[in-house]
Amino acid sequence: MNENPYYVPGIPEDDTLDHIVIAEGLGGLVKCIAINTTKSAAELCRIHETSSAASAALGRFITGSLLISESMKRPTDKQTTILKCQGPLKGITCVADFGFKVRAYPIENNIPTEYYRPGKINVSAAVGEGTLTVIRDLGLKEPYVGSTQLISGEIAEDFTYYLAKSEQTPSIVSLGVLIENGEVTHSGGLMIQLLPGAGDNEIDYLEARAKDFPEISFLLSEGFTPAKILDLFMGDPDLKYLSGSPVSFECTCSKYRMSEGLIALGKKELTELASDEKGIDTQCHFCNKSYHFTTEDIKELIRNC
Ligand SMILES: [Zn+2]
């Protein structure tokens, strides 16, 4: 028996590492999920050299995407979330593979940062109007695709609206990213969803709990783990921790995958590329790693077209 009341099977031994915790509250009528994405968000923001506003948006977006990827059940499942917006950020693409492995990139990285008050970034000024699209490839014939308009541009509200409208799942979503001296120091989120059988009592209870609940990034900076955040939010002595999992930034790119993209260009385009004796460099959008293809490599790809 583990004596730690916040022990959850599956979480990393070092509970300051990124991880997610899934629990059930109010007698099994509510699903509760909390996540710490600090290290993944910080690494992505370093790779993409994001300004503070872009870091806040990117951190929140990967966190929301990971929270809603929890429903994926099989190792081959994959979820792509696309934020398309008219603000200076222009958009973010995020892919979450089964097992909470995430990669993402913003369209614009170096955008101006506006503040509501010192330390509180105005993310909606960076995002503006737009859409949130979720594509889940669950191994079926067609992927599941859902899309909604952005209602605030602060991202958490946009995920809440998406879940209610597109997936008919009433939810509370809270996302927070803390940035100090241009670096992400804390990033995480919380998602609470009603399960079948929940009614007005549960809704009233959760709305009261959500009112004036501290910001997630503040709680993380105070050393709260996801399990402890859920405990604080729910205030339910019978909260049942079901499972946990590490969360990580992971890119799946390789020279082979890049070559598949090149083959897709077709014979004509490749023949043109092969005429440059220096060869070509291709870069992965997600991790900025570049792959060199020599003229010989390209000729080989043409033979495979
Ligand atoms: Zn990559």
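The values are calculated or read from the model by the stated rules, or taken from the named source; none is laboratory data. As the structure is a computational prediction, the values presented were derived from the model and not from experiment. When we count neighbours, we look across all protein chains shown, and the Cβ atoms used for this are built from the backbone with ideal geometry, even at glycine. Surface accessibility is based on the protein's heavy atoms, side chains included, excluding ligands, DNA and RNA. Shrake-Rupley method; radii C 1.70, N 1.55, O 1.52, S 1.80 Å.
Details
- Fraction of beta bridges assigned by DSSP in the chain that are antiparallel (%, nearest 5): 95
- Dipole of region 69-128, positive direction: furthest Cα of G87, M72, I111, with charges on the beta-carbon: M72
- In Hz, Karplus ³J(HN,Hα) per residue of region 104-121 (6.51, -1.76, 1.60; θ = phi - 60°; x = Gly, Pro): 6, 8, x, 6, 10, 9, 9, 10, x, 10, 9, 10, 6, 7, x, x, 10, 6
- Vicinal HN-Hα couplings computed from phi for region 64-71 (Karplus, 6.51 cos²θ - 1.76 cosθ + 1.60; Hz; Gly/Pro x): x, 5, 5, 4, 7, 7, 4, 6
- Sorting the segments 73-79, 84-90 by their residues' average number of neighbouring beta-carbon atoms within 10 angstrom, most packed first, yields 84-90, 73-79.
- Helix 200-210 vs. the chain, principal-axis angle (Cα, 0 to 90°, nearest 10): 70
- Taking region 255-304 and dividing mean pair separation by its residue count, relative contact order in percent (alpha carbons under 8 Å, at least six apart): 40
- The HN-Hα couplings worked out from phi for region 50-58 by the Karplus form 6.51 cos²θ - 1.76 cosθ + 1.60 (θ = phi - 60°) are 7, 6, 4, 5, 5, 5, 4, 5, 5 Hz, whole numbers, x standing for Gly and Pro.
- Taking every protein chain into account, the accessible area of the chain amounts to 50 square angstrom per residue (probe 1.4 Å).
- Distance from the C-alpha centroid of region 209-255 to that of region 1-30: 9 Å, rounded to the whole angstrom.
- Quotient of Cα Rg and 2.2 N^0.38 Å for region 167-224, N being how many residues it contains: 1.39
- Unpaired Cys in the chain, meaning no second Cys C-beta under 4.7 Å: C32, C45, C85, C94, C305.
- Principal axis box of region 29-80, alpha-carbon based, largest edge first, Å: 39, 27, 16
- Averaged over residues, the count of other Cβ atoms within 10 Å places the peptides 154-165, 13-24 in the sequence 154-165, 13-24, highest first.
- Cα-only Debye scattering, the chain: base-10 log of I(q)/I(0) at q = 0.13, 0.15, 0.16 Å⁻¹: -0.93, -1.18, -1.30
- Relative contact order for region 98-184, counting Cα pairs under 8 Å that sit 6 or more residues apart, in percent: 18
- Here's the list of lysines a cross-link from K73 could span, going by alpha-carbon distance under 19 Å and ignoring same-chain residues fewer than 8 apart: K31, K101, K141.
- Carbon + sulfur, % of accessible area of the chain - ligands and nucleic acids excluded, 1.4 Å: 51
- Taken as Cα centroids, region 188-204 and region 48-102 sit 23 Å apart, rounded to the nearest whole angstrom.
- Out-of-range pairs (alpha-carbon distance over 32 Å; input K78/K278; K78/K211; K90/K255): K78/K278; K78/K211
- Cβ charges +1 (Lys, Arg) and -1 (Asp, Glu), total dipole of region 9-150, debye: 300
- Only aspartates and glutamates eight or more places from K268 in sequence, or on another chain, were considered; those with a Cα closer than 20 Å are E260, D276, E277, D281, E296, D297, E300.
- Under Stokes-Einstein, with the Kirkwood radius over Cα pairs as Rh, the value for region 91-250 at 20 °C and 1.002 mPa s is 120 µm²/s.
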